[in-house]
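Trainee: Quick one: structure below, then a few questions.
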Amino acid sequence: MVITRFAPSPTGYLHIGGLRTALYSYLWAKKNGGKFLLRIEDTDLKRNSKEAAVAIENAFAWTGLSHDGEIIYQSTRFDLYKSYVKKLLDEGKAYKCYMSRDELDELRASQSAQKIRPHYDGRYRDFKGEPPSGVEPVIRIKAPLDGEISFVDGVKGEVHFKVKDMLDDFIIARSDGTPTYNFVVTIDDALMGITDVIRGDDHLSNTPKQIVIYEALGFDIPKFYHVPMILNNQGKKLSKRDGALDVMEYKNEGYLPEALLNFLVRLGWSHKDQEIFSLDEMIEFFNPNDINKSASAYNEEKLVWINAQYIKKLPVDRLVEELKFFGVHVENFSKKEQLIDSLRERAKTVKELAQMVKNITQEPKSYDEKAYKKFIKGDALKNLEAFRQALELHGKCESASEFEVLAKKFLEERGLKLKDLAQPIRIAMVGSAVSPSVFEVLSIVGYNNVIARIEKLLNYKGKDDE
Ligand code: GLU
């Protein structure tokens, strides 16, 4: 059974890099009929907050990725971690270190003078004497003193760490008794039965320490996949300036969660030259062994393109649901299918779609100044007035084609071209010269409103006339 997890630290919001590793972990679990668990790493009581944890959970819920079982909060498990610290102490695999602040400073100074890596020198490893008074000890684990810690990373291949270069008897519990980061991650991964750890490669250097802990506690070591970072176009770490980092900002900008996931799955992984993947296809094709070894570059245009593809294809009712977030309620609009279908081709985001829908379903509050100047001149108003009369004479029209037949007849009788009428009508209907097919717009706006909007424009005193 494959069991994966996503383990965010609630220091702020859900980061898109985090969401990508969550997605990879989710896909790998689902592909194998396994489980995907969610753990909130909130042991750092100074930096973590309940609000941040809730924000992460909400953002995660928005993405539609579901986790199995209850969410595990590390902050509720201190007693458990303590019991494992005690176990290691009892078994002689960890020990109390009474080094004082002054001693530590001295050690650091002497190591720096010798130009050697700062590390703990093991002075209390075999200490049997009387503990110095007034020092609350930290607990250190007995790490190997020499040799290598190696593992096969599913993304990076074989990874070797020389003990001499990076390890010492590191602290697993602070003097106030609180366990340290690598210790709790290891305990939890082991107790949650995690078989495959997929995470950012900023955690690569934690892995040898975690392996030391797995071994000391006799736990099975999971497979590791360290995913390279997402970089900006300049090859630097992605920052706020390059794009949103908070997953919820994508929602606010009108990106669909499935489009964001599709974008993220491709950022660092590919399957032939396919760009658009349903979640089922991702599950079918994804394999963490195929994750790119090198960092991937964030490409906003690509995201916009993917989002537009989803907007073109999603069921109308789903888009109608999404529009609600932008204050647009067309669930009871009689021509909602026609409305959405006429607009979705040109909308790159749900936010844009919402604006377009507003433009059609609400009477224009103002007219685009440039368009007005450009098209409402010569006989434009006279023609509009005549068209209004023709509409009234004809009586109710419903469909786009009914409006079209009527308009064509009208134009023919007057020796006019469609362009003489189309832009003034657009301005009357939506306030600007940009809209889908003018007959679609007339049909969506509806006969009575069409007449009212034409009248409104006819009564409008243009800026120049004021
Ligand atoms: N809590 C860590 C983070 O947010 C992830 C730890 C892990 O995946 O092992 O970066």
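Trainee: Quick check on the stretch 308-319. Is at least one of its residues of a type in the set (Asp, Glu) and buried (at least 16 other Cβ atoms within 10 Å of the Cβ)? It would help to see each step written out before you state the result.
Mentor: Residues of the stretch 308-319 that are of a type in the set (Asp, Glu), as a first pass: 317.
Now restrict to residues that are buried (at least 16 other Cβ atoms within 10 Å of the Cβ): none.
No, that holds for no residue.
Trainee: Separate question: Could you tell me which residue of the stretch 139-151 is farthest from residue 116 (Cα to Cα), considering only residues that are open to solvent by 40 Å² or more (accessible area, probe 1.4 Å) and in contact (Cβ under 8 Å) with a residue 40 or more places away in the chain?
Mentor: My answer is 142.
Trainee: Contact list please: Cβ distance under 7 Å, first residue in the stretch 230-248 and at pLDDT 90 or above, second residue assigned to a helix (DSSP H, G or I) and acidic (Asp, Glu), pairs at least six apart or on different chains.
Mentor: Final answer for the pair search is 232/242.
Trainee: Any residue at all in the stretch 198-220 that is under 20 Å from the mean Cα position of the chain (by Cα) and away from the ligand (no atom under 15 Å from the Cβ)?
Mentor: no
Trainee: May I ask you to say which residue of 39, 20, 5 is within 13 Å of the ligand (Cβ to nearest atom), closer than 13 Å to residue 247 by Cα and either touching a strand residue (DSSP E or B) at 6+ places or on another chain (Cβ under 7 Å) or modelled with pLDDT of 95 or more (or both)?
Mentor: Result: 20 is the single residue among 39, 20, 5 that is within 13 Å of the ligand (Cβ to nearest atom), closer than 13 Å to residue 247 by Cα and either touching a strand residue (DSSP E or B) at 6+ places or on another chain (Cβ under 7 Å) or modelled with pLDDT of 95 or more (or both).
Trainee: Right, here's the next one. Consider residue 406 carefully, then state whether it is of a type outside the set (Asp, Glu), outside any loop (DSSP other than H, G, I, E, B), surrounded by 19 or more Cβ atoms within 10 Å (Cβ to Cβ) and more than 31 Å from the chain's Cα centre (by Cα).
Mentor: Numbers: of a type outside the set (Asp, Glu): yes; outside any loop (DSSP other than H, G, I, E, B): yes; surrounded by 19 or more Cβ atoms within 10 Å (Cβ to Cβ): yes; more than 31 Å from the chain's Cα centre (by Cα): yes.
It is true that residue 406 is of a type outside the set (Asp, Glu), outside any loop (DSSP other than H, G, I, E, B), surrounded by 19 or more Cβ atoms within 10 Å (Cβ to Cβ) and more than 31 Å from the chain's Cα centre (by Cα).
Trainee: Here is a follow-up. Among the residues of the stretch 377-389, how many are within 49 Å of the chain's Cα centre (by Cα) and exposed (fewer than 13 other Cβ atoms within 10 Å of the Cβ)?
Mentor: 1
Trainee: Provide a single number: the residues in the stretch 5-59 that are part of a helix (DSSP H, G or I) and open to solvent by 50 Å² or more (accessible area, probe 1.4 Å). Working first, answer last.
Mentor: The initial filter retains those residues of the stretch 5-59 that are part of a helix (DSSP H, G or I), namely 16-31, 50-59.
The next check asks that each one be open to solvent by 50 Å² or more (accessible area, probe 1.4 Å); those that pass are 30-31, 50-51, 54, 58.
Of the residues in the stretch 5-59, 6 are part of a helix (DSSP H, G or I) and open to solvent by 50 Å² or more (accessible area, probe 1.4 Å).
Trainee: If residue 392 satisfies every condition in (1) farther than 19 Å from residue 356 by Cα; (2) surrounded by fewer than 14 Cβ atoms within 10 Å (Cβ to Cβ); (3) under 48 Å from the mean Cα position of the chain (by Cα); (4) modelled with pLDDT of 95 or more but one, which is the exception?
Mentor: Status for residue 392: all satisfied but (3).
Trainee: In the stretch 223-259, which residues are open to solvent by less than 20 Å² (accessible area, probe 1.4 Å) and part of a strand (DSSP E or B)?
Mentor: Those that are open to solvent by less than 20 Å² (accessible area, probe 1.4 Å) and part of a strand (DSSP E or B): 224, 225, 226, 227, 230.
Trainee: In the stretch 164-190, which residues are of a type in the set (A, V, I, L, M) and within 14 Å of the ligand (Cβ to nearest atom)? Break it down into steps so the answer makes sense when it comes.
Mentor: Step one: list which residues in the stretch 164-190 are of a type in the set (A, V, I, L, M), which gives 166-167, 171-173, 184-185, 187, 190.
Of everything in the stretch 164-190, those that are of a type in the set (A, V, I, L, M) and within 14 Å of the ligand (Cβ to nearest atom) turn out to be 184, 185, 187, 190.
Trainee: Tell me which residues, restricted to the stretch 342-376, are open to solvent by 50 Å² or more (accessible area, probe 1.4 Å), without any contact (Cβ under 8 Å) to a residue 40 or more places away in the chain and closer than 22 Å to residue 450 by Cβ.
Mentor: Matches in the stretch 342-376: 355, 358, 362.
Trainee: To continue, here is another question. Just checking, how many residues over the stretch 158-193 are open to solvent by less than 10 Å² (accessible area, probe 1.4 Å) and either under 30 Å from residue 70 (Cβ atoms) or small (Gly, Ala, Ser) (or both)?
Mentor: Matching residues across the stretch 158-193 total 10.
Trainee: Mind listing whichever residues of the stretch 110-130 are open to solvent by 60 Å² or more (accessible area, probe 1.4 Å) and either at negative phi or of a type in the set (Ser, Thr, Tyr) (or both)?
Mentor: Hits for the stretch 110-130 are 112, 113, 114, 116, 117, 118, 121, 123, 126, 127, 128, 130.
The values are calculated or read from the model by the stated rules, or taken from the named source; none is laboratory data. Quick caveat, the model's predicted, so the values are computed rather than measured. Note that we place each Cβ from the backbone using ideal geometry, even for glycine, and neighbour counts take in every protein chain shown. The accessibility values were calculated without ligands, DNA or RNA, using every heavy atom of the protein model including side chains. Shrake-Rupley method; radii C 1.70, N 1.55, O 1.52, S 1.80 Å.
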